[in-house]
Structure formats: structure tokens, C-alpha cells
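Reading through the C-alpha cells given below for one structure.
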Amino acid sequence: MDRRRFLHGAALLPTAGLVGLSGCSSSESPPPRRSRVLSTVTIDSAQLLAELVDDPWVATRRDGVPINGQNAQSLDSNAKDSPSGLSVIGSLSPVGAAQAQKGGGGGGRGAVGRGRGSSYSDAPRTGRGRAKYHGGAYVGTWYDDHDDEVRRAETEISEVGIARIGPVSDTDEELPAPGPVSWDETWQNPDDTVSIDVTNAGWYRVGTHTTAADGTNLGWEAVDVLVKDDNDTYSIAQKWKVSPRI
């Protein structure tokens, strides 16, 4: 079934409050935020399974968000999904949950092109081997330049959603940008692992709604996977970490 039930709304874009940050020009887009939320996304017996990490966190520049104790070290630009720690925070615009639109590329920088063949093999990887959506060499440089503004917020997973977001043939312009979509199934305050039956090949999104300890909405993290059907046996051909810009 080819359900294309995307929600329409504002994409996760930097707001005017970010433009005046030190070392950031009006033409410079912040990179995707770093995070550790989803442990594994796998296929087993025609089920797509997503396992959550025990202690999820997301990087943030938002003021007033409860932060874990590791705030004495600057963010390690060489880290992938697990920076060693984060420093004191500066002021910034809020991070919220926006609704994903089609046209995931959005004029961004770095690795895009889910569904465009070689771009997946060329994309930078997270520590879990996922291609970084809008990743690239500029990411480490940006974090080095802004390491005094970014730190790590411990989060709770208030909701998980899984949806088939497009057929195998979809390109980046046809797949949704970072954010929630119209989920096929959702789970409130899940404990460990969630799963959904796979009945068709195509692109699937596993989305996790992150919330700070004080209830602050920290938006959605996602992993997009390309599920292929080989003689009625499903397998994952690509995995992309899709995060909002910090």
C-alpha cells in the first residue's frame, strides 16, 4: 500500500535568533544536531523493529533545558553520535516539533540524496553506521566554532512513530524532511522496542519524540530506512539518521 499521508507545516529551519550568534553568518546553516536515541533499526521475519537506547540525549543550544552533569568539556568535533560532553550554553531560538514536508533536500549542505544511489555510499556515517542526512565536512567545523554554545540534554522518549513514507523509487525531493509524519503506528512512552509488520518494500521512517526532564519539547529524531524485497524476503538496504538542525 502506497500511503503518502504527509502532514503539512513548517519545516525545521533556523530562525532569525540564530543569525546573530558568534561566528555564524546569515548565509550559514547550522548542521543537524547530534543525538543518541535509537539503538538499532532492523528487519526480522517481516517486522521492522526499533530499539531505543537506555539513556537518550540530544545536543541543544536552547537555554533553560535541564542538562546532564557532563558540561565541563567542549563538544568533540570528531565524535559521531557520542560527544564526550558539552559546554555552557548561550541563548538561542527554541527547538520545537515541526511537521515534515516533502522536499527533504531544502537547499541544505552536505550529504543528501536518499534514493540516489552513490550518494549513500559517499555519505559520512554515524558511530552506528547510518548515513548522516545533511552531513559533511562542514559539520565538525561548525561544532568547533560553536562549542561554547552547545551542550547535551538528557531526554525522555515520549512517543515513537513508524510509517512507510514512500516507494523504493522515491528521491530526496519526494521524501519528507526532518520531523514527524502521519504515522502508521505510534507508541506512547515506550519502554524498549517497538515493531511494525512490513507488507511492502519502500522507505520507512522511525521517529522518536524527545522531551526534556522538565517537559520541554525537544522535537523529533528519526532514522529513515530503505526496505527492499528480495524474493519475499525483506532487508534494509540503506539507513539514514535524519535530525533537525541544531
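Residues of region 157-214 that are in a loop (DSSP other than H, G, I, E, B), within 30 Å of residue 63 (Cα to Cα) and aliphatic (A, V, I, L, M): 177, 181, 213.
Scanning region 143-160 for residues that are crowded, with 22+ Cβ neighbours inside 10 Å and either among the hydrophobic types (A, V, I, L, M, F, W, C) or touching a Phe, Trp or Tyr at 6+ places or on another chain (Cβ under 7 Å) (or both) yields 150, 152, 153, 155, 160. Counting the residues of region 34-67 that are open to solvent by less than 10 Å² (accessible area, probe 1.4 Å) and in a loop (DSSP other than H, G, I, E, B) gives 2.
When region 152-171 is filtered for residues that are in contact (Cβ under 8 Å) with a residue 60 or more places away in the chain, out of contact with any Pro (no Cβ under 9 Å at 6 or more places or on another chain) and more than 20 Å from residue 52 (Cα to Cα), the ones remaining, listed by number, are 167, 168. Residue 194 satisfies every condition listed in (1) touching a residue at least 60 places away in the same chain (Cβ under 8 Å); (2) surrounded by fewer than 17 Cβ atoms within 10 Å (Cβ to Cβ); (3) more than 27 Å from residue 119 (Cβ to Cβ) except (2).
Counting the residues of region 212-228 that are surrounded by fewer than 18 Cβ atoms within 10 Å (Cβ to Cβ) and either under 18 Å from the mean Cα position of the chain (by Cα) or at negative phi (or both) gives 4. Every listed requirement among (1) part of a strand (DSSP E or B); (2) touching a Ser or Thr at 6+ places or on another chain (Cβ under 6 Å) is met by residue 144 save one, (1). When you look at residue 226, is it over 24 Å from residue 29 (Cβ atoms) and hydrophobic (A, V, I, L, M, F, W, C), yes or no? When the stated conditions are applied, residue 226 passes them.
Just one residue in the set 200, 231 is touching a residue at least 40 places away in the same chain (Cβ under 8 Å) and over 19 Å from the mean Cα position of the chain (by Cα); that residue is 200.
The values are calculated or read from the model by the stated rules, or taken from the named source; none is laboratory data. Just so it is clear, the structure is predicted and the values come from calculations on it, not from any experiment. A quick note on method: Cβ atoms are made from the backbone with ideal geometry, for glycine too, and the neighbour counts reach across all protein chains shown. Protein only, heavy atoms only, side chains kept; ligands, DNA and RNA dropped before computing areas. Shrake-Rupley method; radii C 1.70, N 1.55, O 1.52, S 1.80 Å.
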